[in-house]
Structure formats: C-alpha cells, structure tokens
Amino acid sequence: MGEPIGFLYAHPDDETFLSACLIRQLADEGHAPVLLLATKGEAGQKNGYAAQATKEELAAIRVKEMEKAAAVLGITEVEHLGFPDGKLDTVDETLFLEAVIRFINKHRLKIVVTFPEDGGNFHPDHMAISRFATAAVLSGRCPSVQKLYYIRSKTLTEQGYEPTLVIDTEQAWSVKAEALRAHTSQLLAIERYFGNLDVFPENRRYESFVLHWERGQRWPSKTETSLFDDLL
C-alpha cells in the first residue's frame with residue numbers, strides 16, 4: 001500500500017469538482033486516498049431533484065451519493081464530521097480543530113490537500129475547512145504530514161503562485177463525469193459549472209494545486225517547488 005493522502009473539504013462533491021482525476025490516479029498507483037468532509041451537504045436543496053427534501057433527508061441522500069462517488073474514485077474511507085452546512089464559521093473552534101487533527105493522525109497522512117485560504121470562491125464553508133486543516137497541519141500535533149497543498153485559486157494566481165501540480169483531466173474525463181453523476185441531487189449545480197457531462201469541458205480541463213507548506217521549509221516559493229513524483 002502506498003502513502004495515505006488526505007483530501008479535506010466542506011461538502012460532498014467538492015472532492016469531485018476539484019480533484020477527481022488526481023484522486024483516481026493516486027488510487028490507481030496504489031496509494032490510499034481518504035476524504036474528510038466537514039458537512040453532509042444538507043443545505044444544497046436547490047441544485048437538483050431533492051428540492052423538496054428536508055435537511056435531514058438531503059443529508060442522508062448526499063451521504064449515499066458520496067459513497068457511490070468514492071467507489072468510482074477509489075477513495076478508501078470517507079468521514080463526515082456532520083457540522084452544519086452553510087454555518088461552518090459558527091462551529092466551536094476547538095471542536096473543529098480537534099476533529100481534523102484526529103482524522104489526520106488516524107490515517108497518518110503524509111499529504112493533505114484542501115481549499116486555499118479564500119476557499120477558491122470565498123464560500124465561508126470552504127474558507128473554514130481550509131483554516132482548520134491548515135491549523136491542524138501547522139499545530140505540531142500531526143507529525144506524519146510532510147506537505148500541505150491548496151487547490152489553486154484566482155487569488156493565489158494573483159499573488160504570484162504558480163501551480164505545483166497540474167492534472168490534465170481530458171483522458172480521465174469519463175471517470176470524473178461518472179463521479180459527478182453520482183452526486184445526483186446536485187446535478188443542476190454540476191451542469192452549471194461543467195456543462196453537459198457528455199461533452200468534455202475544455203474550460204474546466206485542469207485540476208491545479210499549489211504547495212502551501214512543506215516540512216523543513218519555512219515557506220514555499222512562489223514558483224514551482226516540486227514535481228508530481230515528489231507528491232507521491
């Protein structure tokens with residue numbers, strides 16, 4: 001078994017939107033991708049067929065959908081913290097941080113991937129999981145972690161950070177599309193972002209990641225700092 005690599009996101013489907021092809025590639029190469037989700041996505045009631053579902057019903061639906069997507073992507077374990085969707089910035093900070101640290105240490109993660117500080121799109125939930133994932137890695141209490149990667153965002157690009165790792169999704173689009181379709185309750189949002197899933201979206205071609213922190217280095221360079229082999 002290869003290195004355990006953790007993806008820490010806010011909602012079911014974040015993993016597929018942002019890193020499906022990377023996750024599948026890691027799984028195919030013998031690594032053990034695991035996923036921590038801060039919520040069960042119960043606030044996503046306007047994005048698909050489940051508009052009439054209660055929050056509790058939608059949470060249960062999305063957990064099942066996530067299981068299907070995880071099977072497609074080769075994710076070995078999914079953990080939902082079950083914090084309130086849309087309100088992560090109200091969760092007790094100590095509780096949140098301890099939960100993230102437990103997950104990292106449970107799996108002895110070597111690599112952690114999460115949102116950048118701006119959440120990619122300034123979504124408060126995305127920003128919250130980024131903050132606590134980063135705090136956990138930098139706390140000194142997660143000794144297994146060697147590298148922390150952020151999803152590349154417009155803000156990072158404007159700050160001069162070039163992507164450390166870029167995945168071209170064209171060859172694996174069928175896999176990513178299958179994982180997206182697993183999140184059936186969110187298909188309206190998915191189609192708004194990717195368009196018709198039967199057609200490869202050239203404007204969403206790349207999954208890009210920036211090395212934010214590496215053990216033994218004070219701060220990463222704003223230029224490319226490692227190759228894909230280094231991630232593994």
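Note on the chain: GNM, Cα springs under 10 Å; of GLU170, GLU158, GLU67, the largest mean-square fluctuation is that of GLU158. The simple spin-label model puts a point 7 Å past each Cα toward its Cβ; for LYS46 and GLU202 those points are separated by 3.2 nm. Applying the criteria of a DSSP loop state and at most 14 other Cβ atoms within 10 Å to the trypsin sites (Lys or Arg not before Pro) of segment 20-71 yields LYS46. In the chain, the sites counted are chymotrypsin sites (Phe, Trp or Tyr not before Pro) in DSSP loop states with at most 14 other Cβ atoms within 10 Å, and the longest stretch holding none of them, exclusive of the sites, is 123-232. Would you be so kind as to identify which of GLN52, GLY2, GLY41 lies farthest towards the positive end of the dipole of segment 1-105, taking Lys and Arg as +1 and Asp and Glu as -1 on Cβ and the Cα centre as origin? About the Cα centre, the residue reaching furthest to the positive side is GLN52.
Could you please state, rounded to a whole Å, how far the C-alpha centre of segment 95-109 is from the C-alpha centre of segment 121-187? Taking the Cα centre of segment 121-187 as reference, the centre of segment 95-109 is 17 Å away.
Think of each Lys and Arg Cβ as +1 and each Asp and Glu Cβ as -1; about the Cα centre, that makes the dipole of segment 94-215 roughly 600 debye. Between segment 61-83 and segment 15-47, the alpha-carbon centres lie 7 Å apart. Note on SER174 and ALA60: their simple-model spin labels are 3.5 nm apart, each label 7 Å out from Cα toward Cβ. Between SER139, SER153, SER185, the Gaussian network model of the chain with springs among Cα atoms under 10 angstrom shows the greatest mean-square fluctuation at SER139.
Per residue, the accessible area of segment 1-154 comes to 41 Å², computed with a 1.4 Å probe over protein heavy atoms only. Across LEU156, LEU36, LEU211, mean-square fluctuation computed from a Gaussian network of the chain (C-alpha pairs under 10 Å connected) peaks at LEU156.
When the scattering of the chain is computed by the Debye formula from its Cα atoms alone, each counted once and equally, what is log10 I(q)/I(0) at q = 0.10, 0.15, 0.17 Å⁻¹? Listed by q, the Debye log ratios stand at -0.42, -1.00, -1.32. Of the trypsin sites (Lys or Arg not before Pro) found in segment 162-214, those in coil by DSSP whose Cβ has at most 16 other Cβ atoms within 10 Å are ARG205. Basic side chains Lys and Arg get +1 at the Cβ, acidic Asp and Glu get -1 at the Cβ, and with that the dipole of the chain about its Cα centre reaches some 320 debye.
Taking the convex hull of the alpha carbon positions in segment 1-48 and averaging its projected area over all directions gives 3.7 nm².
Once both labels are positioned 7 Å from their Cα atoms along Cα-to-Cβ, the gap between LEU138 and THR76 label points is 2.9 nm.
The values are calculated or read from the model by the stated rules, or taken from the named source; none is laboratory data. Here the structure is a predicted model, which is why all the values come from computation and not from measurement. Neighbour counts run over all protein chains shown; Cβ positions are idealised from the backbone, glycine included. Ligands, DNA and RNA are stripped out before the accessible areas are found, and what is left, the full protein with its side chains, is counted by its heavy atoms. Shrake-Rupley method; radii C 1.70, N 1.55, O 1.52, S 1.80 Å.
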